[in-house]
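The values are calculated or read from the model by the stated rules, or taken from the named source; none is laboratory data. Computed from a prediction, not measured in an experiment: that's the story for all the values here. Glycine also receives a Cβ, built like all others from the backbone with ideal geometry; neighbour counts cover every protein chain displayed.
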Amino acid sequence: MIQLAELANPAAYQHPLDISFCTKEFLLYQLESMLIIRKSEDIISENFGTGVIKCPCHLGIGQEAIAVGISTQLRKTDRVFGAHRSHAHYLALNRNSFGLFAETLGKYAGSSHGMGGSMHIIDRKNGFWGSVPIVGATVPIATGAALAAKMDGNGDIAVSYFGDGATEEGGVQESFNLAASMKLPVLFICENNLFASHLHIDLRQPTDATIRYAEAHRIKCELVDGNDVIEVSKATERAVEYIRSGFGPYYIEMVTYRWKGHVGNRDDIDVGVQRKDNLLKWKQRDPIRRLTEAMIQQHLLSSEELEILNDKIQSKLNDDWNKALDAEYPKSEALLSLVYA
Amino acid sequence: MIQLAELANPAAYQHPLDISFCTKEFLLYQLESMLIIRKSEDIISENFGTGVIKCPCHLGIGQEAIAVGISTQLRKTDRVFGAHRSHAHYLALNRNSFGLFAETLGKYAGSSHGMGGSMHIIDRKNGFWGSVPIVGATVPIATGAALAAKMDGNGDIAVSYFGDGATEEGGVQESFNLAASMKLPVLFICENNLFASHLHIDLRQPTDATIRYAEAHRIKCELVDGNDVIEVSKATERAVEYIRSGFGPYYIEMVTYRWKGHVGNRDDIDVGVQRKDNLLKWKQRDPIRRLTEAMIQQHLLSSEELEILNDKIQSKLNDDWNKALDAEYPKSEALLSLVYA
Amino acid sequence: MKISYAQGILDAHRYLLANYSEVFVIGQGLWSPWYVGATMTNLDIDFGKDRIIDTPVSELATTGAAVGAAIGGYRPIIVHPRMDFMVLAIDQIVTQAAKWRHMFGGESSAPITVRAIINRGGEQGAQHSQALHSWFAHIPGLRVVMPATAKDARDLLIASVLSNDPVMYIDDRWLYEQEQEVEPIIELNLADEGPKILREGNDFTLVGASYTTKLCLDAAIILSEIGISVEVVDLRVLNPLNYEKIIASVQKTGNLCVVDGSWRNCGLAGEVIAGVMECISLSDLKSAPARITLPDAPAPTSKVLEAVYYTKVEDIVSKVQSILNQ
Amino acid sequence: MKISYAQGILDAHRYLLANYSEVFVIGQGLWSPWYVGATMTNLDIDFGKDRIIDTPVSELATTGAAVGAAIGGYRPIIVHPRMDFMVLAIDQIVTQAAKWRHMFGGESSAPITVRAIINRGGEQGAQHSQALHSWFAHIPGLRVVMPATAKDARDLLIASVLSNDPVMYIDDRWLYEQEQEVEPIIELNLADEGPKILREGNDFTLVGASYTTKLCLDAAIILSEIGISVEVVDLRVLNPLNYEKIIASVQKTGNLCVVDGSWRNCGLAGEVIAGVMECISLSDLKSAPARITLPDAPAPTSKVLEAVYYTKVEDIVSKVQSILNQ
Ligand SMILES: Cc1ncc(C[n+]2csc(CCOP(=O)(O)OP(=O)(O)O)c2C)c(N)n1
Ligand SMILES: Cc1ncc(C[n+]2csc(CCOP(=O)(O)OP(=O)(O)O)c2C)c(N)n1
Ligand SMILES: [Mg+2]
Ligand SMILES: [Mg+2]
């Protein structure tokens, strides 16, 4: 009987990452990506709090390692789909914080030209094929994009990010069967953060590890510490190779935790099972801290270098944010001109 | 890795049943029920062929042991739901062939007063709470009837019959999770006849045993030869005791085969994987023959008694059919008067 | 006693749960402090988590479970905190519950109440904005209720749950703060309820439902100031739709505009016009009937586009003026 | 060359599959000899099972897969052998595909063709009879096509698949045997297609879609024998709906009856009436516009009730007569 067991224990897995056999360049890239995402979401969180950003924002702070570890294993022609909590999925592929900021502000310069907001972001050029907030909706769509990739025959794959809650949607289970029975090149990534909005998984499912569904559907699968960017990256490498070789779908369950509430900038510590206690412990399992500590221990990074890096990223993001604030809104023609091609 | 293996092999399991420890009375009752169902469906098949019956009829000839073995373990206050192929489910509970015949003819005396036809039959008094032809639709409904039974607190259970094809419907998977996480008193019966209309399960799912879904949803489950009325009955007894004791849902996969085509009276041997060869073998695995042979071997039944029984049932059914032919059609007021209560 | 629309919904729940042991509530977010606004506050604490059931993210199965429980003698309210999510459960509502009684010749029925919440604006975008009441009004066997006032929010929810038919009860979060003076609860028979004149007038008939009724009332006030006397009909029950009062009003005023909060094509506004046209004589009309609906586009997010997209009181005022000035 | 409606659909498939490598077909029953009548005979054999994909019993995921493939540059036709089954997949059609382009600011679109088959009568009953075209016509972003003739069955399917927008193409099994003389295929731009006058007349305008167009044509013949000259407008494209020809016809005849094959409330027939009323002046009308639809009930099974339930040519004939005799 599969269970998350220790992987769901916030007091476990707090140790610095094992970064042996990783190049400094690779590690720095991962670190930078995670910092860009973390700081971008911090800016969004703050401006949501003050009411400058109006659209609903689902922040993934604490979950950055997953998108970052995965994205380094993909190529531009792969097709990645997100859901409601997809800032990281997008930024890990393109680092385009400006496009994200402008979109959350409803500006024409945004990723969806202001037509989508935080919950509908896209960047086809960089492999991000779209995210939407209907839970589970992109899972069959990613499965179809995999079917298209298979027909194209170039070895491209589809990636479908979804949450533990999404596995309760029937259409998601149907997609698993479709992918398995048609051997489609799709990587299913379940970001299991133990919650679907206010409800802990124990209140929604008889047990906490969703890879049991993958097993039932005969999809090759793994269970991974989602706060370990190195493990995420290695598992993805294995999965991508398997899928590109034509063996069919692959499912990785990434165990993680979101630091913010379900939507917006609050902590939601009034909500759900033991969230108040666990949140503090999960913050110790911070994927960024675990990587930086390992790098510092291994003398691949100094505290000063880290500070410089932080500052550089922060100031670039501040610029992006200010540019986004200054950007134009869409013209009112957009309302009707975009309905049909 | 669970598979049907020998259970799906039509050449296997042809032996007479093991009827040790069964009373003659019990065996005769089972036999009678199966004969009533078989012969009722033969009459429907014939009259569908000649065009006297117009509504689509999905015949379950060859699958009689399942409904019969289950129904003897239920009580009138249990709540049984069927689907499109439910003549047996209904008859095993009430032996009311007249109600079924009249319904297939669209007569007011039919189970649904001529408003449903073969695909929408009901008999609340005898525990048959309804069958409908949208695949998978009654599975969540049965789950809700189980929730109601749990709230009632009388130990009643719900029974949900569905096919292997129905497990591909997302709503069915959602229901498994709901039943498991709420510990609802529902008995899921998958009649795995290896086909969903023209497609063999190997063309629709990565493997052929559907109890793997029950395992994923942490529902207690068993795999049973659905053409062995004694095994069906014993498994049901175990399941019903477990459910009535408040332990939650139970899933039994009954492996069987339908002799007729998906709908109507033809054999469909032009359809699907190896159906032509397998059909003949499956007819050797006839649940009725296997019971009668065992009873004759054990001297619980003679060939003459069997013939008399056959004749008695046949003549009763002929009467029922003639009565149904003579019965009245619904009045045209029914069209509008039944829409709202 | 003055209550808000949200309070009306809460009071209805309390009344039903206290007086009818067969009532329970099931849906997503019911144990959450924020999911359904102030319409269900503390119900789980006061009536227990066995009767206020929060669920997995499974719209289809939970709705089907409500159908099964209703068939089994209960009166479940199945809550969809957003109508867009409910789209996944339409088979159970439309193909199962709404037809259950008819297709079984009256031998069984499925009197669920589906609570569908319209929740939009605030840059939520295309997938979190739909108002699909016209779809459900299209379905024989499904009663569709859309309260516009606090009293109706309360009384029609009670009537929906007590109805022996499946009912879709649609509330709109834009109305939650609207207040109204109410009397103590009296149980109504839903089958007797229908459109109501909320304001009398002689020059023009405005017809609305839910939030657009409020818009019509506000427009009527402005128009009265420039001497135009507007009668406002609140539809309240969309299916089955009783045209009597609307027809009488149009026969009186000779002018009709229907304001609906969703799309035009095959929508509610067109239905009211057609229903009226079928029953009046052309000579009753002083002007061709008109409608105001959303533009033919999905909901945008950007606030500059939301401002263009949603109907405003001024749109109604100027439509009425332009018709009368023709 | 004379072809049947079913043959028209088959020819369109063959044309598309032969000329466009990005076209494939996915859905239930595609490898079966009987599932979709004669509209797809041997396609799997001629074009291969990789392009004619039969699926598990999973409407939602297979439709979503078509959406994903369309986003990825393909032109899938997703077949639902019965519109009732498609109800399970509405989220993907209405909330995903129809909004995809708009909500991503034009950066991506999902040009699927959903083939929804109306399949009823023959005592199939309430769950195997629904004609929900009005629902889909309500949705901005989704083109809705309903051919009435063999030529349109062919040409509009091709135009649907070649359209850069998501399209719902609805065919009716009651029309499969209808025959028509046709020319060789010419590709049409769906955006240019709309309602068409199928028969000219001066006294009365009948509007139909799909099977009801045939009923209207038949009624027109009978009425012409008693000296009533009927113009028949075939809607063809329900969304976006172009009223021009309908309005011109009503302005000519002064009399309108819309005949729709589904329910009344918030349905297509009311829409056409409202759309006409908005654009004409009252003096154009000689009689109040009328509609003929199904009764407000789910489909029955028993043949005696089916005979009452479905609209017949005589119903149209007598409606027209009674309006003209008023
Ligand atoms: C079909 C549908 N049902 C419900 C919702 C409301 N909702 C939004 S996010 C969410 C929880 C999803 O949980 P999970 O999939 O675990 O993702 P997480 O939020 O944890 O990242 C819910 C229920 C929705 N958007 N769509
Ligand atoms: C939602 C839905 N999709 C498709 C169909 C068409 N259909 C009717 S029965 C059937 C096959 C069901 O197979 P299974 O569940 O194994 O039952 P069996 O026919 O083998 O008894 C299909 C696809 C339907 N009735 N409903
Ligand atoms: Mg989660
Ligand atoms: Mg089967």
Name the pairs whose Cβ atoms lie under 9 Å apart, with the first residue in the range A:97-115 and more than 14 Å from A:G130 (Cα to Cα), the second surrounded by fewer than 24 Cβ atoms within 10 Å (Cβ to Cβ) and among the polar types (S, T, N, Q), and 6 or more positions between them or separate chains?
A:F101/A:N47; A:T104/A:N47; A:L105/A:N47
Could you list, in sequence order, the residues of the range D:281-310 that are aliphatic (A, V, I, L, M) and at the interface with another protein chain (Cβ under 7 Å from one of its Cβ atoms)?
D:L282, D:L285, D:A288, D:A290, D:A297, D:V304, D:L305, D:V308
Inspect the range B:198-207 for any residue being part of a helix (DSSP H, G or I), within 20 Å of the chain's Cα centre (by Cα) and more than 7 Å from every other protein chain (Cβ to nearest Cβ) and give the result as yes or no.
yes
Conditions first: (1) in a helix (DSSP H, G or I); (2) in contact (Cβ under 8 Å) with a residue 12 or more places away in the chain; (3) more than 16 Å from ligand 2 (Cβ to nearest atom); (4) not basic (K, R). B:T167 passes all but one, so which condition is the exception?
(3)
Yes or no: the range A:66-79 includes at least one residue that is surrounded by 24 or more Cβ atoms within 10 Å (Cβ to Cβ), closer than 27 Å to C:K303 by Cβ and within 14 Å of chain D (Cβ to nearest Cβ).
no
From C:A66, C:A12, which residue is more than 13 Å from chain B (Cβ to nearest Cβ) and among the small types (G, A, S)?
C:A12
Condition first: within 16 Å of ligand 4 (Cβ to nearest atom) and touching a Leu at 6+ places or on another chain (Cβ under 8 Å). Can you find one or more residues in the range A:200-222 that meet it?
no
Turns out the strands (runs of 3 or more DSSP E) fully within the range D:154-229 with at least 1 residues that are among the aromatic types (F, W, Y) and within 23 Å of D:I117 (Cα to Cα) are D:167-172
Would you pick out the residues in the range B:122-146 that are more than 7 Å from every other protein chain (Cβ to nearest Cβ), part of a loop (DSSP other than H, G, I, E, B) and either charged (D, E, K, R) or over 10 Å from B:F81 (Cα atoms) (or both)?
B:G136
Take the range D:256-268 and flag every residue that is more than 7 Å from every other protein chain (Cβ to nearest Cβ), under 24 Å from C:C257 (Cβ atoms) and either part of a strand (DSSP E or B) or within 15 Å of the chain's Cα centre (by Cα) (or both).
D:L256, D:V258
Considering only the range B:137-145, I want to know if a residue exists there that is buried (at least 24 other Cβ atoms within 10 Å of the Cβ), modelled with pLDDT of 95 or more and within 16 Å of ligand 1 (Cβ to nearest atom).
yes
Which of the following residues is buried (at least 24 other Cβ atoms within 10 Å of the Cβ), more than 14 Å from chain B (Cβ to nearest Cβ) and part of a loop (DSSP other than H, G, I, E, B): A:S160, A:S111, A:S118?
A:S111
Among residues of the range D:85-137, those that are facing another protein chain (nearest Cβ under 7 Å), under 20 Å from C:P300 (Cβ atoms), buried (at least 24 other Cβ atoms within 10 Å of the Cβ) and touching a strand residue (DSSP E or B) at 6+ places or on another chain (Cβ under 8 Å), counted
1
By residue number, the members of the range C:42-52 that are over 18 Å from A:H262 (Cβ atoms) and more than 8 Å from every other protein chain (Cβ to nearest Cβ) are C:N42, C:L43, C:I45, C:D46, C:F47, C:G48, C:K49, C:R51, C:I52
Among the residues of the range B:193-214, write down those that are under 16 Å from B:P10 (Cβ atoms) and within 10 Å of ligand 2 (Cβ to nearest atom).
B:N193, B:L194, B:F195, B:I201
Would you check if A:E215 is touching a Cys at 6+ places or on another chain (Cβ under 8 Å) and of a type outside the set (F, W, Y)?
yes
